[in-house]
Structures are given as C-alpha cells and as structure tokens.
Amino acid sequence: MFDSSSVLAFYHGCRDRCRNIAVMAYPAHAEPLGSELPEGARFIGSPIAAPAWRAGRAAPSLADLNDCVACGLCLPHCPTYRLTGEESASPRGRIAAMRAVQDGIAVPDQTFEGFMDLCLVCRACEDVCPSHVPFGRMMEAAREQVEPLRTRRARFIRWLGFHWVLPHPSLVRAAAALQPIARPFMPKAARALVPGRGYPFARLPHITEPPPGVEVLGAVAMLSGCVQDRWFHRVNLATIRVLARNGWRVMVPAGQACCGALAAHNGRLAIARRLAKRARHVFDDADVVVVNAAGCAAHMATYDELRPGAGLPVREVTEFLHTEGLTAQPGSLDATVAYHDACHALRALKVHDEPRDLLRTIDGLRLAEIRDGDRCCGAAGIYNVTQPEAARALGWEKADAVVATGASIVASANPGCSMQLAAQLGAAGSDIEVVHPIELLDRATAAP
C-alpha cells in the first residue's frame, strides 16, 4: 500500500541533504551542465517553426532556454509546485512552456499567461539548479510577452503604478497622503497589506556625519526608496543612525525615485531600464550605494545586465555592516527574535549569516530560526494582490512557523515581506512585532 505520510517524512528529512549534494556537485563557479556540447545541441526537442514570440518585446533567450536540462531538481523547492502539485506550476513546466513558444509549437496566450503569473519569482529554483539557469531573468522577459494579453483595466492599473506613480516621488507622496481616504475602497487583499500609517511629508537629512569622537571611515550613499521611505521611513532613519554611529558619513542624494524592481518583475522592462539610467545618474559619484530593502538591492545589482553601463556599487546594508565591521558595540535588548530570510537576499545576494551575526552582537537578544525558513512568505512584490489565494496559503504557512518559534519579534529586511508577515500574523491573531534588523541594532544602541 502506498503510504504518502512516509514519503513526505522521507522528503522532509532528506530535502536539505539533497539540496546540499546538488550544490556541492555543481558549485557556483563550475561551468553549467551541458556547456561543452557542440554549438546548437539541445537537450529536449527540436523547433518545428519560427519562434512565436511577440515582435518588439523582450523574450527568454535561446541560450537561457537551452541551459535547462529538465532534471527536476527544482520541483520540490518551488512554492507553487508544492501548493498545486502541477508540472505547469514548476520552473521546469514554465520553461517547457517558454520552449514551446520558442520552437513555434505554441503562442503566448492566456494559458501561458496563467503559468507565468502564478510564479513568485522567488528564485529558489536557481539555488539548486546544476545548470545555473537564470530563471528570474527568463520570467521577467516572459512576463513582458504576456502584458498585451491582460484586460484593459489591468494594463491601465499597471501603467499608472509602474510608469507614473512609482517613478515620481511626488505621486508616491500623494498616494501615502490619500491612503486614509482610499483605504476603504481598496481590494480586501491590498487593504490588509498596506501599513496603517504612511509618512507622506517626512524628509531624510541630505548628509549625516558620524557623532563627535567617532572616527570617519568613509562616505556612503543611501537609497531612500519609494515604498520604503513613504511607509517604512523609520527604517531609513534607523539605517542612517546605525551607519553614522559606526563611522560612516551618510549621504541621501536628491532626485531619487523607485529602483525599478517592481516594474521589471512584472514585465515592464522599458520603464525599469529608464529607472536604472536615472539611478545611475543620481548615484554617479558614489563609492558605495547602501540599500536596506533586499528586493531593491538584488535588482540594482543587475543594472549593468538590464542596461549596460548603468551598473552601481550596490551593497545590502546588513552585508555591508557585517563585512566592514561594527565600531560601535550595540547595547542590550531582552527579546527573542525570529529572523525571516527575504528570497532575493537569500537567493540573489546570498545573504544569510550576515544579519544573524549582527543581531548576535546585541546582548540579551535570543535568535530563533524559523521552520523551513528558506521558503517564500508569498509577498513577491505585488503577488499578494494579483494572486491572493496562493499568497495567503504561503503566508499562513510562514506565519504559523514564525509563531511556533515563540519569538516576540520577527526581523525582515524587505518591505514587501514585512507587509505580508504583518498581515498574516495579524490574521492569525498574533501580536508579534515585525521590524527591520537594522531597527533592532538602532533600538539596542539607543536603549538606556
């Protein structure tokens, strides 16, 4: 008799070991599997007609598609495959759909759109892929292909948000100011996510010097962000204070706007490239650009790939402080803290130990690990609005795991994750506080 519970128990016990074996067997510096094959060789199928991609739009490249050997190592790590059990909801299935369009077997239609939209682009698959398939890059291009298939209303809302509101700080400020009026009219999923309070008129200091008596180690520029500064302004202020206490002169250049991550992840690559160009101009003289939102940092690290010549010296804030070292020892904080790994910090930036090591420097702080902590929380940019059922299922799973730690605080270094965690913990009746790890460093130092 087939015993599904024993199979699941075996899987849960072996998952991490299998993952480590895959990574050890194919280290990041190794040549991708199949890269030594003769030019034009393919692992799967043959084209029967010209590619059916829409002309004038980005599309997954043939080279990227051919990197996938359909081995299936990615399947157990894919959140949507775990939820549905459907091949089409896995990275391998989505790449097969892309390859069918590339080979002229299919066209981008509403079924294709559904396959692409259900993906979180958490990039867990990239972590275990022996061929180093750049799945995130392929998904961004595939989503540009499906944009014309959306309803007129959906296209208008995306155009308004990605092309107008987010790139213009004054409009983001207006959105934060109008939030109390608009809140009752928001979709239920959006209403649950948006923080209760915004900071529409708050400003950041242009330059902050280290306190008197603190040796100046250098200067850094800081990304203020769009959502981050209007709804998580306190995180930006804490970041400035912690950097300054540790010897860094912090500059917040004028003229900043959205980094373009949300636009890129949702198939709006043209505006993402324009925002990359703008950021390159704003931070042109910076030796280091410190970013305290993991999704923004991961996206900005790919600027040169997105728009050649737009690359910036981006550093995620916890990695920066960990690498450069703390010169100001934090004080104490009596609290149990669960640490949540944002997908783009863990997968794209490979940031894992750094925030934990920083938090361990706080006397009295007890760090708790979250069960299956490497799994996506379901935030994924605007995913929790566009795919509320899947996002809710993943969010409930994450909230349950956080509550099980017994922590009174959960630390999250990404605003989207923070909103998702706060919403799902609130729905579960938990009063666990959601903060950025930099806020805990700031809080410990400021404590009497």
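What follows is calculated from the coordinates using simple rules that are stated; it is not laboratory data. Everything numeric here is computed off the predicted structure, so don't read it as measured data. All Cβ positions, even for glycine, are placed from backbone atoms using ideal geometry, and neighbour counts span all protein chains on display.
Once the dipole of the chain is set up with Lys and Arg at +1 and Asp and Glu at -1 on Cβ about the Cα centre, which of Ala190, Ala63, Val121 lies farthest towards its positive end?
Final value for the positive-end residue is Ala190.
For segment 331-446, calculate the relative contact order in percent as a whole number, restricting contacts to Cα pairs under 8 Å that are 6 or more residues apart.
About 33 percent, as a whole number.
Per the Debye formula with a single identical scatterer at each Cα and no solvent contribution, what log10 I(q)/I(0) holds for segment 331-446 at q = 0.14 Å⁻¹?
Listed by q, the Debye log ratios stand at -0.52.
Pick from Ile157, Ile409, Ile382: which is most flexible by mean-square fluctuation in a GNM of the chain where alpha carbon atoms under 10 Å apart are linked?
Greatest mean-square fluctuation among the candidates belongs to Ile157.
Based only on the alpha carbon positions, what is the Kirkwood hydrodynamic radius of segment 102-204, in angstrom?
One decimal place: 16.9 Å for the Kirkwood radius.
Quick check on the chain: helices-only [θ] at 222 nm, where DSSP H runs of length 4 and up contribute -39,500 (n - 2.57) each and the sum goes over total residues. Nearest 500, please.
Value at 222 nm, helices only: -13000 deg cm²/dmol.
What does the net charge come to around Gly136 if you take all other residues with beta carbon closer than 9 Å to its beta carbon, with K and R at +1 and D and E at -1?
Once all neighbours under 9 Å are counted, the net charge is +1.
Given Cβ point charges of +1 (Lys, Arg) and -1 (Asp, Glu) and nothing else, what value in debye, to the nearest 20, does the dipole of the chain about its Cα centre take?
Its charge dipole is roughly 1680 debye.
Can you find, among Ala263, Ala219, Leu160, the residue farthest towards the positive end of the dipole of the chain? Put +1 on the C-beta of Lys and Arg, -1 on that of Asp and Glu.
Leu160
At 0.36 nm per residue, and after removing the present C-alpha to C-alpha distance, how many nm does the segment from Asp431 to Ala70 gain when stretched out fully?
Additional length available on full extension: 125.6 nm.
For Asp287, what charge total do you get from the other residues with a beta carbon under 13 Å from its beta carbon, if Lys and Arg give +1 and Asp and Glu give -1?
Residues near Asp287 contribute -1 overall.
Would you kindly calculate the mean projected area, averaged across all directions, of the convex hull enclosing the Cα atoms of segment 249-341, in square nanometres?
In nm², the orientation-averaged hull projection of segment 249-341 is 7.8.
State the dimensionless ratio Rg/Rh of segment 137-255 (Rg: radius of gyration of Cα atoms; Rh: Kirkwood radius).
My calculation of the ratio gives 1.09.
Per 10 Å bin, what percent of the C-alpha pairs of the chain does each bin hold, from zero upward?
The distribution over the chain is 4, 20, 31, 27, 14, 4, 0, 0, given as percents.
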